[in-house]
Structure formats: C-alpha cells, structure tokens
Amino acid sequence: MNEENFKQLCDKALLLINGVSEEVFLYEDEKAFVGAWGGCDVAYDDNTVVGRILLDIDKAIAIIRETELDAEVVPNLMIGFGIDQIQAEYVAEIKLRNINKEFILNRLKETESLEKEIAELEATLGSEKKVQALICKELEQVAQKYGKERKTTLVYDHELQQEPDDEPENDYPVTVFLSREGYFKKITAQSLRMSGEQKFKEGDSLLLTCPAQNSSEMLVFTDKYQVYKTRISEFADGKASALGDYLPGKLGFNEGESFLTAVFPGKYEGNLLFVFENGKAAKIAASCYDTKSNRKRLTGAYSDKSPVRAIIDLPEEKQIVVRASDGRALIFSTAQLAVKTTRSAQGVAVMSLKRKAVVESAAELEKTLISNVGRYSARTLPAAGALVRPEDIGETQMKLDI
C-alpha cells in the first residue's frame with residue numbers, strides 16, 4: 001500500500017465514523033499490512049492486539065458505529081476481536097486523529113520495545129551470574145548517589161586489647177543460706193561468728209548452705225522450666241535472726257511459678273545434673289547458662305518431658321544416690337554420663353523402674369547415711385538398684401518437694 005492508498009483509507013474512515021458513507025472496505029492482505037512511506041517498510045503481525053485491530057480498523061469502526069448503546073461498545077469489541085476488557089476499552093478510546101500512519105508506527109514500536117525488554121528480563125532471570133551482576137551494578141549506583149564516608153572504624157575481636165577484670169569493690173566472702181521454700185540470706189564472716197541458730201519460717205527448713213563470694217552469680221531454678229540469674233551482691237547482708245529475702249518475690253516469678261533450688265556456678269566450668277521422675281538423668285555443661293548479656297531469666301532451663309526430682313551442682317564427678325517410690329535405691333557415678341551442651345536435653349536412662357514406680361529424689365552419696373555402697377552401685381546403666389535396708393534409711397539427702 002502506497003502513500004496515496006493509505007490517505008484514502010484514512011479519508012474513508014473519517015467518512016464512515018461521521019455516517020457520511022456506509023461503504024465497507026477490506027485490506028487486500030488480511031494477514032499483514034505493508035506500508036511504504038518515507039522509505040520505511042513495516043510489517044504488522046495480526047498475532048498482536050495492536051496489529052489485529054489496526055489490520056481491520058474498518059471492522060472496529062463498524063462495530064462502534066452500529067452499536068446502539070454506549071455501554072455495549074466495549075463488550076462488542078471484545079466479542080468481535082476476541083480481546084479482553086482492558087484492550088477493548090483502549091481501542092474504544094482511540095482518538096479519530098490517531099488513525100494515521102504515525103500513530104500506527106509508534107504503537108508497533110512500543111510493542112516491539114516491550115517484547116525486547118521482556119526477552120532481556122527473562123534472559124537475566126535465567127542466569128544467576130547476570131542477576132548478581134545487575135545487583136552489583138545497582139548497589140554501585142546507590143553508593144555513588146547516596147554514599148557517605150564512614151564516621152566510625154571497624155575493630156575486630158582479635159584487635160581488641162584484653163584488659164584484666166578489676167575485682168569488684170564490694171566483693172568479700174560470705175556464707176549463703178537457702179531454705180526449702182525459697183528464703184535466701186547471706187551473712188558475712190564477722191556476723192556469722194556472732195550469730196546463733198538460723199531462723200526459718202514455721203514449716204520451713206534449710207535446703208543448702210555454702211561459702212561464696214559476694215560478687216558470685218546465682219542460678220535460681222523453678223518448676224516452670226525457667227532459671228533466674230542474679231548476683232549475691234544484689235541482696236543485702238543478713239543476720240541469723242532474719243528470714244532473709246523471698247526469692248519468688250525478689251526475682252519476680254511468674255504467677256503460679258514455684259522455687260526448686262539454687263546453684264552457684266562460679267566460672268561456669270563444671271556441670272549440672274538433672275534427675276527426672278522417669279528415671280533419666282542429664283549432665284548439662286554449666287557453660288550453657290553463661291550469657292554475655294545481662295539476661296535475668298532464661299526459658300527452657302531444662303527438659304520438660306518429665307518432672308525434675310533433683311538439680312545437683314557438679315564442679316567435679318560425684319557418686320549419686322537415686323531413690324524410687326518402690327523403696328529401691330541406685331548409686332551411679334556421674335562419670336558414666338556424657339556431657340550435653342543443650343539445656344533441653346532429655347538425658348539417658350539411669351534407673352530401670354518397676355511398674356508404676358517413679359524416682360522420688362536424688363542426692364550426693366556423701367549427703368546420705370548409706371553405708372553398704374556396693375549393694376546399690378551399678379556398673380552399667382540403666383540398672384534397677386536394690387531395696388533399701390533399714391540400716392541405710394535416714395539419709396540427710398537434698399530432696400525437692402514438688
């Protein structure tokens with residue numbers, strides 16, 4: 001189609017739109033429209049929406065002209081050309097002045113440009129190397145546009161000078177006393193020499209006592225599988241005649257949370273032994289409870305698969321006596337257990353329990369009155385132990401009343 005024919009086509013389109021002529025005209029080639037204007041040859045593929053509409057512009061004009069209601073124009077275009085609503089609305093809104101060669105060329109160039117851009121993006125997404133190169137390029141552009149000089153310097157751990165820890169000014173030796181109900185007090189050496197019998201609340205008794213430093217940390221375990229971390233220095237010096245500080249209130253226990261016991265880990269170099277009701281025991285590295293930040297409470301302090309019956313500090317390996325509800329006792333060495341580095345470790349079976357029997361308590365051998373050690377000792381684990389004889393009853397063991 002030459003320039004003259006193209007102008008005739010536009011003139012006819014104008015007449016048809018304005019109702020001057022009802023003549024219907026078709027392109028000689030329904031598949032492609034080839035124009036030569038200004039020495040530029042362009043082919044219009046009817047597979048594209050723009051090409052399909054522009055190759056049969058007279059049909060689009062006829063549909064619009066013959067439609068009685070304005071609301072039916074878009075649906076009729078959708079049916080006539082097999083296009084969606086957005087495309088039909090675009091065709092319906094084309095200005096009459098845009099039915100010219102320049103408009104057609106521009107639309108087709110846009111289509112070609114989009115197809116080329118899509119192909120480039122798909123090629124980029126299909127290559128990890130190209131994606132990384134694109135990210136690097138964009139980061140460089142951001143750095144050039146918004147980058148600023150660093151105002152601080154980076155210092156790595158190995159570059160830091162290790163400074164010796166200064167001994168706290170308020171560090172001094174004390175003796176700590178802890179009751180079974182959770183009353184805690186510390187007494188200085190001078191006050192301890194002058195004091196008499198330790199006072200406890202009615203129905204309460206001593207759980208443990210040991211020497212310590214005022215700056216030492218204390219781990220307070222509860223029945224809700226939590227441990228509260230504090231320092232002895234956070235408590236005021238007490239006297240034998242005083243009950244001491246009530247740990248659940250001092251440390252802010254949750255509602256319904258009860259005190260179990262306390263451990264003084266020192267430099268966190270030893271282990272902690274947890275003995276459970278189901279006959280299992282777990283030896284957990286004390287370092288698992290050492291935190292760099294000043295966290296006051298740690299959740300998941302020990303396994304919640306079975307109620308705990310004893311928590312014992314192990315600065316070194318010890319002989320442990322386990323008592324069951326059916327009157328049996330078992331002695332084993334903590335050296336037989338492997339150290340776990342996870343606080344929630346369930347442990348391994350140490351005592352084979354009879355039907356309906358459970359572990360009631362556990363304590364260090366030296367804190368009991370058991371004399372016939374060989375009778376209850378186990379070479380391999382788990383073991384059933386033996387029935388406790390009368391002469392071995394009456395031990396002063398540490399038991400958690402849960």
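Legend: calculated FRET efficiency, residue 287 to residue 117, from the Cβ-Cβ distance at R0 = 56 Å, rounded to 0.05, equals 0.45.
Cα gyration tensor of the stretch 65-157, axes a ≥ b ≥ c as square roots of the eigenvalues: rounded (a/c below 1.5), prolate (a/b > b/c) or oblate? Prolate.
The phi-based Karplus calculation (6.51 cos²θ - 1.76 cosθ + 1.60; θ = phi - 60°) puts the 3J(HN,Hα) values of the stretch 364-380 at 5, 4, 5, 9, 10, 9, 5, 9, 8, 5, x, 4, 9, 6, 10, 7, 10 Hz, whole numbers, x for Gly and Pro. Taking amide H as placed 1.01 Å from N in the peptide plane, residue 360 has its amide H under 5 Å from the amide H of 323, 324, 325, each at least 5 places away in sequence or on another chain.
A protection proxy built from the mean count of other Cβ atoms within 10 Å ranks the segments 347-353, 106-112, most packed first, as 347-353, 106-112. For the pair the stretch 177-206 and the stretch 307-370, the centres of their Cα atoms are 28 angstrom apart.
Rounded to whole numbers, the Karplus 3J(HN,Hα) couplings from phi for the stretch 80-86 are x, 10, x, 10, 8, 5, 4 Hz, using 6.51 cos²θ - 1.76 cosθ + 1.60 with θ = phi - 60°, and x at Gly and Pro. The Cβ shell under 13 Å around residue 121 holds other residues with a net charge of -2, Lys and Arg each +1, Asp and Glu each -1. Here residue 292 is the anchor, and the lysines within straight C-alpha reach of less than 18 Å, apart from those fewer than 8 places off in the same chain, are 229, 267.
Read the figures in this text as sums done on the coordinates, not as results from a lab. Note that the structure is a prediction, hence the values are computed from the model and not measured. Reconstructed Cβ throughout: ideal geometry from the backbone, glycine too, with neighbour counts over all protein chains shown.
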